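The values are calculated or read from the model by the stated rules, or taken from the named source; none is laboratory data. Being a predicted model, the structure only gives us computed values, none of them experimental. Here the Cβ is made from the backbone with ideal geometry for all residues, glycine too, and neighbour counts use every protein chain on show. Only protein heavy atoms, including side chains, enter the accessible area calculation; ligands, DNA and RNA are left aside. Shrake-Rupley method; radii C 1.70, N 1.55, O 1.52, S 1.80 Å.
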Amino acid sequence: MTPLIDQDALAVVTIRLEADGEPYAGKVGVAEVIRNRMRRLYSSDGTVSGTVLRRLQFSCWNADDPRRAKMCSADDATPLSRAARDAWNESEHSARVSGATLYHAARMAPYPDWASRVKFIVQLGGHRFYRDEE
């Protein structure tokens, strides 16, 4: 069976939606979080779709996010799409966020409740990355 939507394409769209305004390092960070969640089965079934589409995990896929419809007509050849694809590919072998499984926009005030219960790792652009204490 061939999926209608390729898993890599779904990851690229998620990176675009979550990190379009971020520097390249931030895009890679978001990509790493997707991969880290997949590896650890952290709110994930181990697939891209079962990770990024899980309810309330990646805000770009929440029902009230207006960006979702716009991405249905996104051009894969644009610089933003290429950067997201490059970030996804690079994230397979990078460790910019040191195993982080969570992030949020730094501009959030107050920070999400969960941020006080996990370890802050790094801020890349406008995102703060975290992982569970081990």
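Quick notes on this structure:
- Residue that is modelled with the lowest pLDDT, among those in the stretch 106-134 that are open to solvent by 20 Å² or more (accessible area, probe 1.4 Å) and of a type in the set (Gly, Ala, Ser): ALA109
- For the stretch 21-55, a residue qualifies if it is over 9 Å from the mean Cα position of the chain (by Cα), in contact (Cβ under 8 Å) with a residue 60 or more places away in the chain and not in a loop (DSSP other than H, G, I, E, B), and the qualifying residues are TYR24, ALA25, GLY26, ASN36, ARG37, ARG40.
- Which numbered condition CYS72 misses (of (1) open to solvent by 40 Å² or more (accessible area, probe 1.4 Å); (2) out of contact with any strand residue (DSSP E or B) (no Cβ under 8 Å at 6 or more places or on another chain); (3) within 20 Å of GLY26 (Cβ to Cβ)): (3)
- Counted residues, the stretch 1-11 - those being among the aliphatic types (A, V, I, L, M) and either modelled with pLDDT of 95 or more or outside any helix (DSSP H, G or I) (or both): 4
- Only a single item in (1) in a helix (DSSP H, G or I); (2) surrounded by fewer than 17 Cβ atoms within 10 Å (Cβ to Cβ); (3) modelled with pLDDT under 95; (4) not acidic (Asp, Glu) is not met by ARG16, and it is number (2).
- When ASP75 is tested against (1) under 21 Å from GLY21 (Cβ atoms); (2) touching a residue at least 24 places away in the same chain (Cβ under 8 Å), exactly one condition is not met: (2).
- Single condition ARG67 does not satisfy, out of (1) modelled with pLDDT under 95; (2) more than 13 Å from the chain's Cα centre (by Cα); (3) open to solvent by less than 80 Å² (accessible area, probe 1.4 Å); (4) within 16 Å of GLY126 (Cβ to Cβ): (3)
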